[in-house]
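Read-outs: derived from the displayed coordinates by stated rules, not from any lab. None of the values given here were measured: they were computed from a predicted structure. Glycine also receives a Cβ, built like all others from the backbone with ideal geometry; neighbour counts cover every protein chain displayed.
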Amino acid sequence: MKIPKQAKKVYQGVLFSVYEWPQKMFDGTIKKFEMIARQSSVDVIALTPDKKIITIYQTQPGRKWYPGLPGGLIEKNEKPRAAAIRELLEETGYKAKKIKQICHYEGFSKFYFPEYQFVANDCVKISKQKLDAGEKIKIRIKTFAEFLNLVRNPLFAVPLGLKLKMYEALVDKNKYNEFKKNLGI
């Protein structure tokens, strides 16, 4: 759900904004509605030349280590594809020969959070990681089956829509083959 045009921003944080607007109800009364918006982000399913998936295990101050994918916030005036290329290189030191967007989610109900997922093919290591001050990241290379099983870890940090695709692939052979083909594996 997108933020309505008549919404007014009533709070701006570092990552989150809060919007509110008057909404006419079915009985003619007016009620105040609210929505939270989060800064857009990207996630990258990065494949090595031998079709293994580059995953990350990261921690941030005050958090336990958790698995995820390379990715992060889209900077101001940056396009999602450029953010995906940048985040992959910063967090892993890998560069892709080819990268394409495979999904885009916008959040749900009263939470607007544009998330873009990319698949990056033929990734090769070209540099050291260039991590933010609040990041510690370890690289883990996984087979497709190992990658799918990460979804069983409650700490696995990827968009909900991607988790659902992964769960479907675990329980449905057709979805498994479709997801694998969509990734180019």
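What pairs in 52/136; 51/128; 52/95; 130/163; 98/181 have C-alpha atoms more than 19 Å from each other?
52/136; 51/128; 130/163
Using +1 on the beta carbon of Lys and Arg, -1 on that of Asp and Glu, and nothing else charged, what's the dipole of segment 112-169 about the Cα centre, debye to 20?
Using Cβ point charges on Lys, Arg, Asp and Glu, segment 112-169 gives about 280 debye.
Once fully extended, how much extra length lies between residue 141 and residue 14, figured as 0.36 nm per residue of separation less the alpha-carbon to alpha-carbon distance?
Taking 0.36 nm per residue and subtracting the Cα distance, the gain is 42.5 nm.
Could you list the residues of segment 48-77 with an amide nitrogen less than 11 Å from a label point located 7 Å from the Cα of residue 102 in the Cα-to-C-beta direction?
53-54
List the relative contact order of the chain as a percent without decimals, with contacts defined as Cα pairs under 8 Å and 6+ residues apart.
Working: 367 pairs, mean separation 40.7, N = 185.
Once normalised by length, the contact order is 22 percent.
How do 29, 55 line up, fewest other C-beta atoms within 10 Å first?
On the way: 29 8, 55 22.
Fewest-to-most Cβ neighbours within 10 Å comes out as 29, 55.
In angstroms, what radius of gyration and Dmax does the chain have, counting Cα atoms only?
Rg and Dmax of the chain, Cα atoms, are 18.5, 62 Å.
Determine which residues of segment 78-98 fall in the zone a paramagnetic label at residue 131 would reach in this model, i.e. backbone nitrogen under 17 Å from the point 7 Å along Cα→Cβ.
87-94
Which distance in Å, rounded to a whole number, links the C-alpha centroids of segment 126-185 and segment 19-89?
Segment 126-185 and segment 19-89 have Cα centres separated by 15 Å.
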